[in-house]
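**Student:** Before I ask anything, here is the structure I am working with.
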């Protein structure tokens, strides 16, 4: 068994390892100084590092060495950071704060923020392909394709478009909300797990279990974020509480209420954990604990 304290210690160790790698991954890339400063401002602004940690843990569960997977896992965090920079822009969510600091376009300027996001997105593919130094090229190619689909117009980017389309509307159905979040938030979390499976050499059956695990924790993560937007603190969120409702966004609590949203998140977590019954070892236990940790944030 792994206690809550042991889990948090392992999670911090894994996140710190990602942080250390991210702190140097843009060096020696011939990036203009101001642009690199803007890219690193957001990339190194903290956060849970959930996506790279998931990728690393899944791959390690299947026997891969984490140091071989680190460039790929960190690339996913670069994509996540780019999306946050662009989400905060005045033309999108128009947020002034991100993780308790001024948003990128506030710290620099709007044009530099756009370029910083573009830079992080493109550098991610440099990092992903570097994984081929240790992992077979066909596996890396398959994982890169998985990321591109998840982050693209049928995934995260398309989900952001739906989010803007749905903002201010009162006729959005629960099914539409779930579809939007599965694309905007869930796709990158799911593909983090799926890429760990691909790079770790999982069988087709194992990949399906891990894909389902990732999809369900991605859904739970978004539901919990919606709950915290109403019940959390500005310190926890890194932005003002209630910003989603203020902007007219549809959320799980606005549709279902807090308690039913908690129940739905727990159902998703339970389904995720069930997918790992065929796996054992420390990494599998960590992934089970991580799933439960997502819902524990609002318990």
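The values are calculated or read from the model by the stated rules, or taken from the named source; none is laboratory data. Please read all numbers here as calculations on a predicted model, not as lab measurements. Note that each Cβ is placed from the backbone with ideal geometry, even for glycine, and that neighbours are counted across all protein chains shown.
**Student:** Sort through 54, 43 and tell me the only one that's at pLDDT 95 or above and closer than 14 Å to residue 120 by Cβ.
**Tutor:** 43
**Student:** If only one of 107, 75, 59 is over 23 Å from residue 163 (Cβ atoms) and in contact with a strand residue (DSSP E or B) (Cβ under 9 Å, 6 or more places away or on another chain), which one is it?
**Tutor:** Selected residue: 107, the only one of 107, 75, 59 that is over 23 Å from residue 163 (Cβ atoms) and in contact with a strand residue (DSSP E or B) (Cβ under 9 Å, 6 or more places away or on another chain).
**Student:** Can you name the residue in segment 16-35 that is part of a helix (DSSP H, G or I) and within 24 Å of the chain's Cα centre (by Cα) and is also farthest from residue 297 (Cα to Cα) among such residues?
**Tutor:** Result: 35.
**Student:** For segment 103-121, give me each residue that is exposed (fewer than 15 other Cβ atoms within 10 Å of the Cβ) and under 15 Å from residue 40 (Cβ atoms).
**Tutor:** Selection gives nothing.
**Student:** Which pairs turn up if I take residues in segment 194-211 that are outside any helix (DSSP H, G or I) and look for partners that are buried (at least 19 other Cβ atoms within 10 Å of the Cβ) and modelled with pLDDT under 95 with beta carbon separation below 9 Å, at least 6 apart in sequence or on another chain?
**Tutor:** So the pair list comes out empty.
**Student:** Run residue 13 past the list (1) part of a loop (DSSP other than H, G, I, E, B); (2) farther than 23 Å from residue 140 by Cα; (3) out of contact with any strand residue (DSSP E or B) (no Cβ under 7 Å at 6 or more places or on another chain) and report the number of the one that doesn't hold.
**Tutor:** Residue 13 satisfies all of (1) part of a loop (DSSP other than H, G, I, E, B); (2) farther than 23 Å from residue 140 by Cα; (3) out of contact with any strand residue (DSSP E or B) (no Cβ under 7 Å at 6 or more places or on another chain) except (1).
**Student:** Are there helices (runs of 4 or more DSSP H) fully within segment 85-173 with at least 3 residues that are within 27 Å of residue 59 (Cα to Cα) and more than 18 Å from the chain's Cα centre (by Cα)? List them.
**Tutor:** 110-130, 137-151
**Student:** Got at least one residue in segment 29-46 being closer than 23 Å to residue 140 by Cα and surrounded by fewer than 21 Cβ atoms within 10 Å (Cβ to Cβ)?
**Tutor:** yes
**Student:** A further question follows. Scan segment 247-298 for residues that are assigned to a loop (DSSP other than H, G, I, E, B), in contact with a helix residue (DSSP H, G or I) (Cβ under 8 Å, 6 or more places away or on another chain) and at negative phi and jot them down.
**Tutor:** 249, 250, 251, 275, 276, 278, 279, 297, 298
**Student:** Give just the number: which of (1) at pLDDT 80 or above; (2) closer than 24 Å to residue 47 by Cα; (3) assigned to a helix (DSSP H, G or I) does residue 244 not satisfy?
**Tutor:** Looking at each condition in turn, residue 244 falls short on (1).
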